[in-house]
Every structure is written in C-alpha cells, then in structure tokens.
Protein chains: 2
Amino acid sequence: VNRRILTTDVASRFAGIVGPQGVVLDPAGMAPYLKDWRGKFLGSAVAVFRPASTAEAASVVRLARGLGLAIVPQGGNTGLAGGAIPDRSTQQIVVAFERMNRIRDLDVVDNVIIAEAGCILRTAQDRAAEAGRLLPVSIASEGSAHIGGIVATNAGGVNVLRYGTTRQLVLGVEVVLPSGEVLDRLTRLRRDNAGYDLKQLFIGCEGTLGLITAASLRLFPRVTQSATALVQVAQLSAVLELFVLLNEQLGDFLSSFELISAHAYRATVAQLGDTQWPFRDGWAVLIELGVSSPACNLQQALEIALEGALEREIALDVVIAQNIAQARALWRVRESLSEGERALGPSIKHDVSVPVSRTVKLIDNAERGLASRFPGVRLNIFGHVGDGNIHLNVIHTTQQAADDPSFDLVAEEGGVSPQSMG
Amino acid sequence: VNRRILTTDVASRFAGIVGPQGVVLDPAGMAPYLKDWRGKFLGSAVAVFRPASTAEAASVVRLARGLGLAIVPQGGNTGLAGGAIPDRSTQQIVVAFERMNRIRDLDVVDNVIIAEAGCILRTAQDRAAEAGRLLPVSIASEGSAHIGGIVATNAGGVNVLRYGTTRQLVLGVEVVLPSGEVLDRLTRLRRDNAGYDLKQLFIGCEGTLGLITAASLRLFPRVTQSATALVQVAQLSAVLELFVLLNEQLGDFLSSFELISAHAYRATVAQLGDTQWPFRDGWAVLIELGVSSPACNLQQALEIALEGALEREIALDVVIAQNIAQARALWRVRESLSEGERALGPSIKHDVSVPVSRTVKLIDNAERGLASRFPGVRLNIFGHVGDGNIHLNVIHTTQQAADDPSFDLVAEEGGVSPQSMG
C-alpha cells in the first residue's frame, strides 16, 4: 500500500463519503496535518479526510479498513508528543475533525455539555460560561485544542487539583470502533452501574482503540470570585508544607498550585519583556482559588492563610493580586513558561507524574543526578505540583543528554513518564 | 464438584494457606455468609475462606481454580441485590475479607487513604476525619460495608452530587486476578496517563473480574461547617427549578439533594415514632451544604437562597436546621426510609438512574402507568434526585407487580436499572 492506492476510483469513493471538501490529497493542503507545532515530528500520508459527521467518520473507517490503510486521528494538532502525526511510511491516512465541531447539547439541569470531537476547547468553555457554568479543563493550548484530543489524551492542565483530569469530567463518549461500528455511549448519567464502564478504555487511548467523535462532559458552577497569589517559599521542601496549609484552610477552593523557579520565570519574563520577577533566587508557587458563591470572602481568607505561612517561615515573600489585571499578569508568565524555555536552547521535555509527596525528592534527585553526570546540562523545572505533575525539562548543549537518567528517577518515586519526548 | 470435594486432604491444603481461623466449614459458621440481610437470598457453599493477606487470597484463588471451584467474594454483606451470596449449587466457595482490614497508609500531602478490602467504610471515614480529611463516600450501611464491596459495586450514596460515585474516588486498586496473579495498581498518582486505565474495569465489576484486595482512595478537605434544610416544593416539577437555583447560588457546596414524598416520610416517622412531617401532602427535598473553610457563611447563604425560592413560589415551605441536633433529626428520617418502607408491605425495589432533567418525567410516568395497570399497587419513591438516582419501589399486594413496567419507563428516559430486585 502506498500513495498510488488512491486511484481516481478510490479517491472518488472517499469523496463520495465526505464530499470534495472532506478530502485533501495535494501536498500543500496536507502539509499542516503532517507536522506538529514544535516542528519536531514530520510525517507523510496517503490522504487527509475531514468527515462532517459520525456517519461519515464511520464510513471512512470502513473503507480504509477494506483498503488496509492505517488511521491516525488528529484533533487540534497541539500535542507535544507527536501522537497526532502519521509516520513516514505513507501507509496511513489522517482523519481530522475540524468539520465535526458542533455543540450538540448543553443542559443546565443535567450540568452537561455534549460536543463533537472537532469542537475547540475554548468554544466549549465559552458556551458553558454563557450558560453560567464552568467546563474546568484548561490548558495553554485551549484556543486550538479539540474536545476529541482532550478526551483521547486525558488532558490535565491547571485545574486538575480541584476538578481532576479530563477522565473525571467525561460522562460519555461516542466512538467509531476499528470495525467501523459506532459505539454510542453519550450518556449524561451521573451514576451508571449497568455493566463494565467500557468508555474508560477510550479516554486516554490516544486514538488507538477507536475514533472519539463526541463526548459528554460534566459542567460545574461558574467561578464568580477568585484570588491569586505568587508565594516565594523558604526552600523547595517548604512547597509541600504550604500545600498542606492551604489544603486545610482553603482546600475546597484551591484549583491551582503551580511550581515556578526563579530561573524559569526570568527566562520567560525576558521573552515577555514587561514583567519583573519579584523575588530572590529560589522557588515560588502560583496559587489560584475560586468559588461560585458570594457567601465567601476568598481574598481575605487567602491573606490570612498566607500571613500564617509567613509567620511559620514556610513563605519568605508573598504577592497577592489586588485585581484581575494583576492576576492575569501572574498567569501570563505561568502560561508562557514553555515559550521562555525555548530561548534557553534545545530541550528534552519530560511531562511526568509522581505522588505529590514525592515531588520535592524527585526534583532534588534530578538536579543532583544530572549535575554530576552531565556537567554542561541544566534543568528547567515547573509544573502542577499540586497534582504531582512536573515538567522536568533538560536543557542540553550536548548529545550526552540523550540518555539522561530522568526516567529512572521518576520510577524511583513511584511515578510515570508517559509523555517524554526529544 | 460438590461438598465432598473437601476431603480432609483438600481442607488441610486450604487451612495451610489461610490457617485454621481462615477456614469455615461447619453449617452454623457458614450460615451468616450464605444469607443477605434482607433474607431474600439464601445460598450454599463448599466452604468459606477468610484470607488475612493478599498473598493468602491469591493462594486461595489458585487452589480453587485447580479444583474447579467458583468463587463468590463477599464484603460486609450489606448489598440488596444478592451479589455477595453464592447460588444453591454448592459448587462455589465464599471468600470473605474481614481479616484483611488494615489501613495500610494515610497521607495528608497526597490526600490518600490506602485500605484493605475488609476495612469497614466507617473505620476508614473515621481515620480520615482524625487526620483532618474527608472520605466522602457515605451510604446508610457504612457501619458494616467494606471498602472492597464499595469499590466492587461502585457505591453511590448521599455525596455523589458533589464528590461523584466511588469510581471517582479510586486512585488505584490491588486485585487478585482469576489466574491467581496479583495486579498491584495501588497508585496514589493524581494524573496517570501511562497506558490504558485498566483499574476502571474492576471498579463496579461486582467481583466478576477478580478479587479486589485493597484500594487507594482520594481524600478531601474535612467539612467544618454545614447547613441542612427540608424544603416542600410547590409541585414535583419544581424540584428541578429548586435544583438549578441552588446550583447557581451554592453549587460548590451542595452535597445532597434528596427527594422525599410526604407518603414515604410519614411511613418512616410512624416507625421512628418521634418526628413529625412538617408539611402538607406532596414532595420535599432534603438539602445539605458543606464547606471546609471558615471564610464562608453557609447558613446565611442558604437562608437567602431559600427565601428566593419561596418568593418565586418554587418552594411552599422551608425548615432550616438551626443546630446539629435538628440536622441529624432530618437526616435520620432520610436514612430510615428503607425501614419505613418495610412496614408498608412487600416491595419490588428499583435503584435506577436517569439524567437529572428526566427524573420528574420518570416519576410522573411511573405513577400514572402503574396506577392504570395495577390498581392495587402503590409506589414509594425517594432518592438522590441531584444525581438522577431514584429509588422507585413498588409496594405490591398482588403478584401482578412481578411484571411491572418500570424497566421500560427508565429506558424511555435514557436511564439504567442495574440493581432492581424482588
């Protein structure tokens, strides 16, 4: 099987399914689907198909199956691990979902949104907000990422601490199976004990078990009041003391607890050009609290909690945003850390998870281990320490780093390294 | 295979695994394991084995497998559907977990409790509370139910609305597979994207895929302030209006939203003998709010919200608990509804789930459909309307009810009936 398989006859059979708009065969048209946004992965494909409905997607799968063509589903193509890019064999087709972008339903009694795979995450978030609800999955690429990709990768992001990963938001899925059959489990039930929960296999499957064509997702009360602070901790280990203190006083409202090093912050601010790092060298935590009710005074509660952290010398210094503009400025730096890192040099990115209690030890060991083994190499570390998900990125100047020991370090702390990539 | 298989030799091989305390062979000793607490299901067994460790449980499975004996795992034997009771073939053994009752770990940084299958739910709840944390799964039988049974049945309860079913609390499981191998996935990771999430298959599997021997469960901030109210609604359909109103004003704190009919309440109060139904005939909702922070005034917020419901004529009358004793009295009635029902006559119990938005229609159709088809029959309806889980119980005086149409009614509303039983 190779490109030649798409004889005029076969191409017209595909076009008969998805219409002329749904078939991309020319190299220029296919190019954006064959490269990830970092430019690290470059593949080739027999064709790109853009179904406009679940029925069309199922027909594409059946025809591709008959022809022996492998299928690579692609959402917003915002992934960092190359999972949406075909290989270089020209034995694969890409199925892209941008034409399946409807929001099929939003219900404020059921607190559910049912969106097609190609719906952009921000579009779904906005629709939820208009209805006075929150779709809590929030990632830096939310302006491009698709709902299908979010579900297929079990996306995390800055709200995992409070709302869980995407898995915990999914009530149901609609999937085209490799056979071409459609599995319709777009339930909106909150409690569903009828048999095994098979939809869980598709969440996080990266498309390997089927094409996710739609999902029903839980909605939450909209956040109407928030509080944001950047806290410099006395030393790295104080991060966990601060976490426990905030959990005990404000745990219901804590949605983000993000670790940032002075080093990573400065590299980012140099790129952004308009914000100063307010602290000395060392580590800081960006904290976000939110609540949907006027019955609470979050700003005051955060001030009280952080005064306690200063008194107990867990915190060295504190910046509490006094208005939305200040909060946005803090978050802008957090969301730009990946871009800031780019200026530091080539990097090997590790997106790893360990138990929260082991994050400090992981970082300590990584810094010590890497420094001794690879003198020319530096670490750039940040991430969602409140849910144990750390970006442990190696800035390298030599090829030595290719066999860096990070995987072993993560395993030692009982963690996983699912999405590391060169 | 029958009881005779347990020759002295075989019995002593089992005793060699679990010790003499771990083998129950005499009819009197086995009797409690062969009957559910309602007395509806009565089985027989070759033997009851009570392993004291995962290794012992695995050895029992291997030996039973070699002998061709089927295994029925049993937790606290509090189920209403007979799933923990062997059949009458005397071809099965019961594996009971009461000797595996350790809490292996509790970590306030990771916010996790790791408990063995035989640990009583209330023991785990208490341990969490001592550490300043909340294990939110809460069911009427929590003083006897085991952690293993909670996970194996994906138990719901009165906190599903806020915290989800047990599935959403499970971070990891340890399972003895049918092969006798031990699958150790007792992770405490908040984000785990390394491969398919196979543990989900065991949650809610009712023991069919393996013996759950331990589980790691998420903990939440302890509730330090709560508010409780009983609200009579103008008519059944106003239940959903009240739900939306409370969700929008107090959704972050709403943990229970329980439907109770005057009919069910009176039957229960007659049993308890010390509480009056404060309202006219019709429907009421029991509301519970909770928060872990002193930064909120829940009592006041609830009063404001319910004043709004009275003004908009969603609510006809309101009782707000002024202290813990009053709140407990309201909850005592809710928790005794099943006992109250017993006095009404024999019943067919349906524990069904539909989307929240369809609960009212389901109840309307059930009342109308049943009344027309079975004149002698009455419904007793209550349940967790906030998560769509309704107890739709048929009090029957005739055998007609055996083919009652409830299943069809549930399916019409997009729901499931996993645990109906005569």
Looking at chain A as a GNM with Cα springs under 10 Å, which of A:A309, A:A117, A:A152 has the largest mean-square fluctuation?
A:A309
Expressed as an acute angle from 0 to 90° and rounded to the nearest 10, what is the orientation of the C-alpha long axis of helix A:359-373 relative to the principal long axis of chain A?
90
When Cβ neighbours within 10 Å are restricted to other protein chains, what is their mean count per residue of peptide B:241-248?
3
In nm, what does the list of distances from A:L209 to its counterparts in the other copies look like, shortest first, when each label sits 7 Å along Cα to Cβ?
0.8
Label points for A:T7 built 7 Å along Cα→Cβ; distances to same position in the other copies, nm, shortest first, come to 7.0
Under a 1.4 Å probe, counting only protein heavy atoms, A:K361 has an accessible area in Å², nearest 10, of 110
Name the residue, out of B:Q74, B:Q125, B:Q326, whose mean-square fluctuation peaks in a Gaussian network model built on chain B with Cα pairs under 10 Å.
B:Q326
Please compute, for peptide A:197-209, the average count of beta-carbon atoms on other protein chains lying within 10 Å of each residue's beta-carbon.
3
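Give me the percent relative contact order of chain B, please, defined on Cα pairs under 8 angstrom at least 6 residues apart.
Averaging sequence separation for qualifying contacts and normalising by length gives 12 percent for chain B.
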The stretch B:99-165: translational diffusion in µm²/s, Stokes-Einstein, Kirkwood Rh over Cα pairs, 37 °C, 0.692 mPa s:
274
By how many degrees, between 0 and 90 and to the nearest 10, does the Cα long axis of helix B:238-250 differ from the longest principal axis of chain B?
80
Please state, rounded to one decimal and in Å, the Kirkwood hydrodynamic radius that chain B gives when every pair of distinct Cα atoms enters the mean of 1/r.
23.0
In degrees between 0 and 90, to the nearest 10, how far off the longest principal axis of chain B does helix B:121-130 point, with axes built from Cα atoms?
70
For the modelled label position 7 Å from the Cα of A:E313 along Cα-to-Cβ, which residues of the stretch A:199-241 have backbone nitrogen atoms closer than 19 Å?
A:232-241
Ascending list, in nanometres, of distances separating the A:D126 label from those of the other copies (7 Å, Cα toward Cβ):
5.5
For the stretch B:274-368, state which chymotrypsin sites (Phe, Trp or Tyr not before Pro) are in a DSSP loop and have at most 12 other beta carbons lying within 10 Å of their beta carbon.
none
For the protein assembly as shown, what is the convex hull volume of the alpha-carbon atoms per residue, in Å³?
189
Partnerless cysteines (no other Cys beta carbon under 4.7 Å) identified across the protein assembly as shown are A:C119, A:C205, B:C119, B:C205
Sort A:368-381, A:204-217 by the packing proxy (mean of other Cβ within 10 Å over each peptide's residues), most packed first.
A:204-217, A:368-381
The stretch B:198-349, Rg to Rh (Cα coordinates; Rh as Kirkwood inverse mean 1/r)
1.05
Between A:A28 and A:A70, what FRET efficiency comes out of the Förster formula 1/(1 + (r/R0)^6) with R0 = 25 Å and r the beta carbon distance, rounded to 0.05?
0.60
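Hey, any idea what the orientation-averaged projected area of the convex hull of the stretch A:23-164's Cα atoms comes to, in nm²?
9.1
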Other chains' Cβ within 10 Å of B:154-166 residues: what's the mean?
2
Loop-located chymotrypsin sites (Phe, Trp or Tyr not before Pro) in the stretch A:24-105, at most 16 other Cβ atoms within 10 Å (DSSP)
A:W37
Semi-axis lengths, Å, the stretch B:120-247, gyration tensor of Cα atoms, sqrt of 5 times eigenvalues:
31, 17, 15
Loop-resident GluC sites (Glu not before Pro) in the stretch B:79-187 with no more than 10 other Cβ atoms inside 10 Å, DSSP not H/G/I/E/B, are none
I'd like the carbon and sulfur percentage of the solvent accessible area for the protein assembly as shown, probe radius 1.4 Å, heavy atoms only, ligands and nucleic acids excluded.
50
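The values are calculated or read from the model by the stated rules, or taken from the named source; none is laboratory data. Please read these numbers as outputs of a predicted model, since none were measured by experiment. Ideal geometry is used to build each Cβ from the backbone, glycine not excepted, and the neighbour counts take in all protein chains shown. Note: areas computed on protein heavy atoms with side chains; ligands, DNA, RNA excluded. Shrake-Rupley method; radii C 1.70, N 1.55, O 1.52, S 1.80 Å.
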